[in-house]
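Worksheet: the structure to be examined is printed underneath.
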């Protein structure tokens, strides 16, 4: 523990915990939580509340050295100025499941506190509008508690009586006051527009409740949860390796890049060293999917502000890229191809020719798109100076990825905290300066060119060697020795059927995903399944910013803002 923190707080108020990931982790007493977090933000430069979540500890066995707790609330803080993390934990015992809100310290705590209330039933005193955020208001119970059912077969079959139907319908009634909207004067009334939840410009099942004065936006309240599938709950009942396909479906445009933070966290818990060839293959596939995702963004961004043609050209290029993905992995959008310890199989014959043809082809197409989209006068007028935020605002709201780099901050985990061998690659971190819709698009366009540089280096410098680690917890283990001795055959059978037994511990790994910083925080209790799987997604933080970006603008500007954020609802709702 830092001496400065020890001297600032009373003896026993803070307690250090060692973790596998090496992130400084401190337990704090409830009454010292806000003073500690305020000191970390104002005195130690932790500008961002990176994540806020909870753990139901009631069935956990391996908690050596940790204070007694029924539930633990976890605050993950990030300092970009010092390139440091710190994890703060608070132990809660029933029935006193409440903490003070920190929305006044970091504004993005608003949704995170709502999520913890919704899924765990922990209250945050002083929160401006504590409510269910992912589940319907009529839901009974809190699903991430260990005593809440995980499967529909564990409860009575669903039935909808007339009385229950009336209750559900009444719960859907829109009451502006419940959304924090207020009349502007005594003699005025509300004027509303529901954008979504089914609307082509909201990129999924997503709703924004607008309070308008004519075309001017007075208030915009995002409404999420329509796409919630319980991905974190599923992590508690899948074997470590059989959960990998679920990760593909989080940012469903990111493909195997979704696998990467998950397998990196499991490998950290298991102590697995991934071979160099597997690392370079992972980097190459991740960058191919970065291009695929950015092409979808590029085309739909242009379409949302009025251009019809670009999306067809860009989707055609994405199809060419998927041809490579399919040849290498056997899948297209969701190959689920990374494995604990490496990748599913080695690169096939001819992979290099296909990749080289694509990276030679795409730069010319990107140049055409510059003329078609980026230099189009109408698009520039629709997007320049719209939806602006600066670096300080971005950090306070938890923004990351191209959106944050569009404000001028060169924060990219591939450079700042290289993982999977990124330190070996030569590429530039793309930034812009205005932090508006146009610059957020500009950064992504240039990132595609940088991804092509990285892929070319993978192509020219692909190392020889195994594509999977020879470690007893690698899953599935290499098969070449399964017929040579019974021990290897047993290991292969057990790891592939029941799954590996990962040692107790906890680890968080973040990567620079297509839409920003994506992280998996995993807690193992020494079992074949994760005890707690937390998925920190960039889109969840970004959608919170819509009121900040759109207030005082017009509805047409909101369409450009939503397009520039680059989100998918599966990445928000999980």
Sort through 272, 224 and tell me the only one that's surrounded by 19 or more Cβ atoms within 10 Å (Cβ to Cβ), touching a residue at least 60 places away in the same chain (Cβ under 8 Å) and either closer than 30 Å to residue 555 by Cα or under 14 Å from the mean Cα position of the chain (by Cα) (or both).
-> 224
Please go through segment 409-447 and pick out each residue that is crowded, with 22+ Cβ neighbours inside 10 Å and free of Cβ contacts under 8 Å to residues at least 40 places away in the same chain.
-> 439
Report the residue count in segment 390-408 for those that are crowded, with 20+ Cβ neighbours inside 10 Å and part of a loop (DSSP other than H, G, I, E, B).
-> 7
Of the residues 344, 367, which single one is within 31 Å of the chain's Cα centre (by Cα) and more than 28 Å from residue 441 (Cα to Cα)?
-> 344
Determine which single condition residue 117 fails, assuming it passes every other condition in (1) out of contact with any helix residue (DSSP H, G or I) (no Cβ under 8 Å at 6 or more places or on another chain); (2) surrounded by fewer than 19 Cβ atoms within 10 Å (Cβ to Cβ).
-> (2)
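Residue-by-condition table, conditions (1) part of a helix (DSSP H, G or I); (2) modelled with pLDDT of 90 or more; (3) buried (at least 20 other Cβ atoms within 10 Å of the Cβ); (4) not assigned by TED's automatic domain parsing to the domain that holds residue 380:
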{"position": "287", "(1), (2), (3), (4)": "yes, yes, yes, no"}
{"position": "300", "(1), (2), (3), (4)": "yes, yes, no, no"}
{"position": "323", "(1), (2), (3), (4)": "yes, yes, no, no"}
{"position": "326", "(1), (2), (3), (4)": "yes, yes, no, no"}
{"position": "333", "(1), (2), (3), (4)": "no, no, no, no"}
{"position": "339", "(1), (2), (3), (4)": "no, yes, yes, no"}
{"position": "346", "(1), (2), (3), (4)": "no, yes, no, no"}
{"position": "354", "(1), (2), (3), (4)": "yes, yes, no, no"}
{"position": "358", "(1), (2), (3), (4)": "yes, yes, no, no"}
Determine whether residue 256 is assigned to a loop (DSSP other than H, G, I, E, B) and closer than 21 Å to residue 413 by Cα.
-> no
Kindly provide the set of residues from segment 24-45 that are touching a residue at least 60 places away in the same chain (Cβ under 8 Å) and buried (at least 17 other Cβ atoms within 10 Å of the Cβ), ordered by number.
-> 24, 25, 26, 27, 28, 33, 34, 37, 41
Filter the strands (runs of 3 or more DSSP E) completely within segment 1-100 down to those with at least 2 residues that are under 22 Å from the mean Cα position of the chain (by Cα).
-> 24-28, 48-56, 71-79, 84-92
Among the numbered criteria (1) within 28 Å of residue 521 (Cβ to Cβ); (2) assigned to a loop (DSSP other than H, G, I, E, B); (3) touching a strand residue (DSSP E or B) at 6+ places or on another chain (Cβ under 9 Å), which single criterion is violated by residue 150?
-> (3)
Out of all the residues in segment 546-564, is one or more in contact with a helix residue (DSSP H, G or I) (Cβ under 6 Å, 6 or more places away or on another chain) and outside any helix (DSSP H, G or I)?
-> no
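The values are calculated or read from the model by the stated rules, or taken from the named source; none is laboratory data. Treat the numbers as computed from the prediction; the structure is a model and nothing was measured. All Cβ positions, glycine included, derive from the backbone under ideal geometry; neighbour counts span all protein chains shown.
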